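Derivation of every value follows stated rules applied to the coordinates shown; laboratory data play no part. Everything numeric here is computed off the predicted structure, so don't read it as measured data. Cβ coordinates were reconstructed from backbone atoms using ideal geometry, including for glycine residues, and neighbour counts include every protein chain displayed.
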Amino acid sequence: MVGKPIRSFLEALPGRFSQGQTPDPTDDITELPPALRHQLSEKIKQLPIPQDYLAAVHEALKEALNAWQISPDTSNNSLVVLSSPVEAIAPILKASFQDDLPDYEVRQFLGGYQRPPDPLTILDHLRRELEPEQTADKKAEAEKDKRPTVMVIPSLEPCFLRCIQGWEGIEYLQALASQDVSRFWVFGCNHWAWAFLEKVCQVNAYLEQVICLPELTAEVLQTWLDPVLAEPLPDSPNLKFPEDQGNWESLANLAGETSTLAAQLWLQSLRLQSSDLNEDGAITAEATVELQFAKPAFPSLMSLEALDRYILHALLIHREMTRSHLALSLGEAERRIRSRVQVLQREGIIIQWGRRLTVHPAHYHRLCSELANNNFLIGKT
Amino acid sequence: MAMLLSLFPLGQPAIPSEETIESLFKDLTLGVAIHAALALLITYGLLLAIRSFANAISEKVPRRFRLQIKQSVPFWRGLLLTFALSYLLGLLLNLTGSNLFALTGTIAVALGFAFKDYVSAIMAGVVSLFEGPFRMGDRIQIGDHYGEVVDYGFRTLRLRTPDDNTVAIPHSVIWSDPISNANSGQLEAQVVTHFYFSHEADISQAVNILYQAAYSSRYTQLKLPVVVVVSEDPWATHLKLKSYPIDARDEFVYQTDLVLRIKQACARHRLPYPRGPILEEE
C-alpha cells in the first residue's frame, strides 16, 4: 500500500535528475552510426506482425464467434482488441484477417481512414461508410450469401477527437454494434483511448468483450528481430551477433508489452567496436562487423513543462494527430502549442509522419510514469 | 468551586517569591549566552531551510507528491522547535519539579497579561494541526480571503490568493471563523461553472454540451464524476457544471477553458442566452 507511491516516486526521480547516459569516452564499444541505425530502423518497419499477436487475436476471435453463433440473439456480438498507444493496431487486425474465415463474410472498413480536418464530419463519414445505399444488386447478393458477417473496424482512434461532439462517431458505432446483433463486430483501439472512451461514453457497457495483446517473451522477440540482421544491408558490411546473448530476457522484461517499444530499445542497445568506425563515424570494416547487444535501458526524459504533459497525453489518447487537431483538442491556438511541439520533436519524444504527430515508442514507459504521477488518467501499462 | 479554592487559595499571589525565581535560573555565563544565541540562530536558519527546501522540492516533483511534501512541513518545524526549546530550557533553567511548577505559574501570569493574543494564536496553530481543518497546499476560504495555504507559521498561516497576493491570517481565527476547504489534502477541488440560458433554449442540448465541455477539457480529472444541475430562475434556466480539474491550482484557467468551449458550442447550435431582468427593465 505504501510501497506503490514510493516506487512511483523513485521511478520519477531518475528522469528528473539524470540528463541522459553519456557514453564513457574510454569505452571501446560505441553506439551505431546514425546512417546504419536508420537502415536498421527501416528494416524493422518491414518486419511481419509477431506471431503471438496474431495467434492471440485468432484464438479470442474464434471463441467469441463460437459463443455468438450459439446464441446470436444476445448482444455479445463484438470483440475489442486493445494495444499500447505506440503500437498500430490496424495492421495487426488486418493481418489477423488475412487467413480466411470461410464460414464468415469478413468486411473490413475504414482501412487507412484519417481523422478529417473538421472532426464534426466524422459521424457523417461513418454513416456513409457503414450504411451504404442498398441497391437491388447488392440486396440480391446479400440474400445469396447466407454466411454471417464480421464487420472489422481496425482502429477506433481516427473516429474521435477530444472536443465537444468529437466522440459522436464512437457513440454511433457502439449503438450500431449493440443494435445490429445479426453481425459480429471487431474493433481495434489503444488502452489510453479506451480508458478515455470508458469515461466519456461508457463504451465498455456496449462492447463487453475486450482482449489485450499478449506480452512478448524473450524467445518470441529474438525470433522476431533476428531477420533484421540476417540479410546484408545495401552498402554496409555484414552484421552479426555473437552467439551468447543474455539480454533478451531484460528486453522482454522491460518492453515485452509492446513490439514497437521492444524493437526501438533493441535498436538503441546495439553497439559495435569503436575500432570499426573511422574518424567520420562511418563503418570502416570491409568484412563482417560483430555487433554487441548491450543491456537495454529506457532513454531519459527531459524535464517536462505543464503544456508538454497535456500535449503528450492528447497524443497518447489519439495515438496520432495533426497539429491542428492537437490544438483543437487542447483548446489552444495552434501558434501557442507550436513551440512546445518543436521542442518535444527536437528531444525525440514526438515524431512526425507526414503531417501527423505521434509519441516515440522508446519514451512510452517513462511517459506513463510521468503522466500517472501527475494525476492524469492513463491506460493500462 | 471548593476544589478551585483549594488549588488557588484566595489571598495568595500567583507570582512566585524572589528566591524561587533565583533558584529557577542557572548562572548566565558568557559561554551559556553564546550557546543560547547559537542555538537560536541555528534553529532560525533550519526553520527557513525547511521551508525553502520543501517549497523548492515540492514544486519540482510530480504533482502526486507535491502535497505530501508540503503537508510534512509543519511537522518538521514543530519537531525542530520542540528540540530547540528543550535545549534552551535545559541550558538556562534548573528544571526540578518545584521549579517547573513555579515557572509555569510565572509564564501563565506574564503571558496572560502581555501576550494574550499571541499565545492564543500559537495555541490555535497547535490545535488546528491536530484537528486538521486544513493543511499546507489546501485551498481554503477564511472570511473574505480565498487562496492556497503556502506557509504554516508559528502565529499565522499565509494564503496565496488567485491575484498572487499573500495574506497572513492569525491562527486564532479558527476559534471563531468558519473555514471552507476546497480540496482537503487532495489534488483536486470541485469547480462549479454557472451558465444561464433563455427559457426557449433546448436545455437537454445545453446539458449535453456542458457534459461534453467538461469531458473534453484537457484540465478535467476524468477519474472523478462530472455533474450538471439545472434549476429555474424567473428570467433564465440556470445550469451548474460541477467538475474537477487534475490540479486544484488550475481552477481558474480550467473555468476559462470550460467557458470558451461552451460558448463556442452554444454559438454553433444557436442556443439563446437570457435577456437579464436589468436589460428588460431598460
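Just a few scattered comments:
- For the range B:191-269, the spread of Cα positions along each principal axis, largest first, Å: 36, 23, 19
- Residues whose placed amide H lies under 5 Å from that of B:Q221, excluding near-sequence neighbours: B:Y244, B:I246
- Summed side-chain charge close to B:G45 - residues other than B:G45 whose Cβ falls under 15 Å, Lys, Arg +1, Asp, Glu -1: +2
- Ranked A:C163, A:C189, criterion: other C-beta atoms within 10 Å, fewest first: A:C163, A:C189
- Using the rule -39500 (n - 2.57) for each DSSP H run of four or more residues, divided by the residues of chain B, the 222 nm mean residue ellipticity is -17000 deg cm²/dmol.
- The fewest-to-most ranking of A:W353, B:W175, A:W185 by surrounding Cβ atoms within 10 Å reads A:W353, B:W175, A:W185.
- Global geometry of the protein assembly as shown, whether rounded, prolate or oblate, following the gyration tensor of its Cα atoms and the 1.5 cut on a/c: oblate
- Coupling constants for the range B:161-175 follow from the phi torsions by the Karplus curve (6.51 cos²θ - 1.76 cosθ + 1.60, θ = phi - 60°), and in residue order they are 7, x, 8, 6, 8, 10, 10, 9, 10, x, 4, 5, 5, 5, 5 Hz; glycine and proline get x.
- Gyration tensor (alpha-carbon) shape descriptor, chain B, a/c threshold 1.5: prolate
- For the range B:139-181, the alpha carbon convex hull comes to 58 Å³ per residue, rounded to a whole number.
- Once backbone amide H atoms are built at 1.01 Å from N, B:D151 has B:R158 as its partners under 5 Å, excluding neighbours fewer than 5 places away on the same chain.
- Cα shape, the range B:133-282, gyration tensor, a/c 1.5 rule: prolate
- Of the DSSP H helices in chain B, those that are both long (alpha-carbon extent of 15 Å or more along the helix axis) and hydrophobic (Kyte-Doolittle mean at least 1.0) are B:30-60, B:97-114.
- From the Kirkwood radius over Cα pairs of the range A:144-206, Stokes-Einstein at 25 °C and 0.890 mPa s returns a whole-number translational diffusion coefficient of 196 µm²/s.
- Counting beta carbons within 10 Å around each of B:R139, A:R128 and listing the fewest first gives the order A:R128, B:R139.
- Compared with the direct C-alpha span, the chain from B:L40 to B:S184 gains 48.4 nm at full extension, assuming 0.36 nm per residue.
- One decimal place: the segment A:D124-A:S303 gains 60.3 nm when fully extended, by the rule 0.36 nm per residue minus the C-alpha distance.
- For the range B:164-241 versus the range B:33-86, the inter-centroid distance based on Cα atoms is 35 Å.
- For A:Q292, residues with placed amide H under 5 Å, excluding near neighbours: A:R271, A:L272
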